[in-house]
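Report on one structure; see the data block that follows.
Bear in mind that the values in this text are calculations on the coordinates, not laboratory data. Values in this document were obtained by computation on a predicted structure and should not be read as measured data. Ideal geometry is used to build each Cβ from the backbone, glycine not excepted, and the neighbour counts take in all protein chains shown.
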Amino acid sequence: MKHSLLQIWLGCVVALTIPLLHADNIPDLFLHDGIALNGEWRSIIDPYETGFYDYRREQRDLGKNPSRSETFYLDVKPADPGERVEYDFDTSPTLNVPGDWNTQRPELMYYEGSVWYRRTFDCAALTAGQRAFVRFGAVNYRADVYLNGLKLGTHIGGFTPFTFEATQYLKPGANSLVVKVDNKRYKEAVPTVNTDWWNYGGITREVKVVILPKNFIADHRLVLESETTRVISGWVQIAGAGAGEAVALSIPELGENLSAQTDATGRAAFHFTPAQLQLWSPETPKLYEVRITHGSDAVAERMGFRTVRTQGKQILLNGKPIFLRGICIHEEFPLNGGGRVNTPAKAKQLLLWAKELNCNFVRLAHYPHSEAMTRLADELGVLVWSEVPVYWTIDWTNAATYENAQNQLSDNIQRDANRASIIIWSLANETPVSEARTKFLSKLAERARSLDQTRLLSAAMEKVTKPGAPNVNVVQDALADIVDIVAFNQYVGWYDGLPEKCARVSWEIPYNKPVFISEFGGDARQGLHGNKDQRWTEEFQEDLYQQTLPMLDKIDGLAGFTPWILVDFRSPRRVLPGIQDGFNRKGLISSEGTKKKAFSVLQAYYRKRAAAP
Ligand code: GCB
């Protein structure tokens, strides 16, 4: 994305409070092989940001002559025994990448601030016309990136990929890549200061250096237009190209071998109708290898083809009504010390637990999960709700906050637009209704629709009690007019009365759209037993599920739900000793990986639903 003058101006205005906007207008290079920079990086904890600001609080990388003594990204050694250099990456401890820093070192468990990472790597000289890029899967929250002492750029936002061009900065032989990572929370940020999850810092996803020809495959999109005509259409974008460059696209299993020429914008269009296409669905998650070639550049990936739309109160997958048997998931793993999911194996385990529950759907809360997760969902046949961290009380009237949210949404859509598993883009979670908030979210919705017309839009809203009728719940939110699915979180039996209340409650949801319950649940400490009236016991949570499920069944137009949540997760808000100990305990699986009693209640309910949808 290119930035407008307005954006640049806004960037200058708010730079002191909220470091602005990501600086890349370079496509995601996930599919290209590169020099993997995973593994051990040297690290310096820098709570006062000494390596970044001088003693007058001037940003060193904006200064005319950054001093060698304290400017960490220069990564120098004393030139002679007398030189004062007050840092040394070579003798500093290491952190693993990808990985959060919190679970790697006890002193970083609660740390919110800056950590410098340094990785050296060797590289051959670029040949004429070649271009070099550095790609990060995700860094939470702000990354300032330097190669061989020079700045590549700044990225804001903790859960989406970014790529900087490094052609002018890469050296033949040894290179030093330095990243200042800062996970401090800001009121103006997305998410804002207040969340019910742990603010894991670090380079949490993979890093690689990619060397490409001058013009290269930047992006592609293939969409099944209709389940009846079976027409697939789409495009391949060649970066740097003008008109008349040849692009080949093949799907060997379908016998498709196509070629097309780029137009003046470097885009080649494709349109074809395979003879024997098997549609992707949770029951038959059929994927085809799609290969794209342009000159010496080639990428390949496995893709599925399906349609999704709504009709009145129904969600139709491949033209047939589907009930979404779901569960919410945070990107956090219970075993092996916990922390952010940082391997495909951990992501897979989360999806396998969801499948064991008889789910056909997951809500990936409350931010984009890794590429590995959504690709595994394609492979395993699990439908996905994908979300951006527009959570609770965002700074709705701040233009820079909006740009930030829009960038995160756009980057998430661009990254995952070819995933058959993703059927819903979610704009927000539990945001307080106001004119400013609805304006902000309407703009986000417009943006999402401009980037992708093939999926459904939603947001986790809230229900309210009907005035004068304490047992009647209603959804009254202008956002419901904008989204395709009316989704809301509800906690009858936990934050709202006791589980027995479920039997008395009725629902008024006055929209001719599918209704979806994006959260319900209650906490239980695994292993704590008692009777069902005793809060925090497994029996209380089990009873809450037993009471909630029949209550939800009565909702007109119910198209599915995602209880909160698959696994207990860390939350600094949850302080009750002996029960919470820093964890939200609404998981059906404990922070040690053990299933609680309510797991079987939901599993049995979904088994029945699957048999008679
Ligand atoms: C919610 C939030 C979720 C919380 C959950 C809870 O409504 O969307 O992020 O963790 O409630 O446990 O209170």
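Annotation: aspartates and glutamates with alpha-carbon distance below 18 angstrom to Lys214 (same-chain offsets under eight excluded): Asp24, Asp28, Asp33, Glu165, Glu245, Asp263, Asp297. Take the Cα of Glu253, step 7 Å toward its Cβ, do the same at Leu576, and the gap between the two points is 4.8 nm. Net charge dipole, the stretch 322-611: roughly 460 debye, given to the nearest 20, about the Cα centre with Cβ charges of +1 for Lys and Arg and -1 for Asp and Glu.
Please list log₁₀ I(q)/I(0) at q = 0.09, 0.12 Å⁻¹ for the stretch 439-576, using the Debye equation with identical point scatterers on the alpha-carbon positions. Each listed q corresponds, in turn, to -0.33, -0.56. Packing, taken as the mean count of other beta carbons within 10 Å per residue, orders the peptides 163-176, 58-71 from highest to lowest as 163-176, 58-71. When the P(r) of the stretch 5-212 is calculated, the portion above 23 Å amounts to 45% of the C-alpha pairs.
Partner lysines whose Cα lies under 17 Å from the Cα of Lys466, excluding those fewer than 8 positions away in the same chain, are identified as Lys501. In whole Å, how far is the Cα centre of the stretch 396-440 from that of the stretch 89-103? Using only Cα atoms, the two centres lie 31 Å from each other.
Sites listed here are trypsin sites (Lys or Arg not before Pro) in the stretch 108-208 whose DSSP assignment is loop and whose Cβ has at most 13 other Cβ atoms within 10 Å: Arg185. Answer rounded, prolate or oblate for the stretch 67-149, using the Cα gyration tensor with square roots of eigenvalues a ≥ b ≥ c: rounded when a/c is under 1.5, else prolate when a/b is larger than b/c, else oblate. Oblate, since a/c reaches 1.5 and b/c is not below a/b. From the Cα gyration tensor of the stretch 415-499, with a ≥ b ≥ c the square roots of its eigenvalues, which class applies: rounded if a/c is under 1.5, or else prolate if a/b is larger than b/c, or else oblate? Prolate is the answer for the stretch 415-499, as a/c is 1.5 or above and a/b outweighs b/c. Per-residue extension of 0.36 nm, minus the Cα-Cα distance of Thr91 and Gln168, leaves a gain of 24.8 nm for this segment. When shorter helices are ignored and each DSSP H run of at least 4 residues is given -39500 (n - 2.57), the per-residue value for the chain at 222 nm works out to -5500 deg cm²/dmol.
In this structure, the amide hydrogen of Val388, modeled 1.01 Å from its nitrogen in the peptide plane, lies closer than 5 angstrom to those of Ser426, Ala428, counting only residues at least 5 positions away or on a different chain. Derived scalar couplings between HN and Hα for the stretch 409-414 equal 5, 5, 5, 5, 5, 4 Hz in order, rounded to whole Hz, by the Karplus curve 6.51 cos²θ - 1.76 cosθ + 1.60 (θ = phi - 60°), x for Gly and Pro. Given their separation in residues at 0.36 nm each and the Cα-Cα distance between them, Thr310 and Arg504 gain 66.8 nm when the chain is fully extended. In the chain, the alpha-carbon atoms span a convex hull of 158 Å³ per residue.
For the stretch 523-613, the number of Lys pairs separated by eight or more positions or lying on different chains, with C-alpha atoms closer than 19 Å, is 9. Give, to the nearest whole percent, the P(r) tail of the stretch 343-499 beyond 27 angstrom, counting all Cα pairs. Summing the P(r) tail past 27 Å for the stretch 343-499 gives 29 percent.
Potential lengthening of the chain between Lys151 and Gln453 amounts to 105.0 nm, from the contour at 0.36 nm per residue minus the alpha-carbon distance.
Divide the volume of the convex hull around the Cα atoms of the stretch 271-412 by the residue count and you get 202 Å³ per residue. Which part of the stretch 215-241 falls in the paramagnetic zone of Ala298, meaning amide N under 15 Å from the point 7 Å along Cα-to-beta-carbon? Backbone N within reach: 217.
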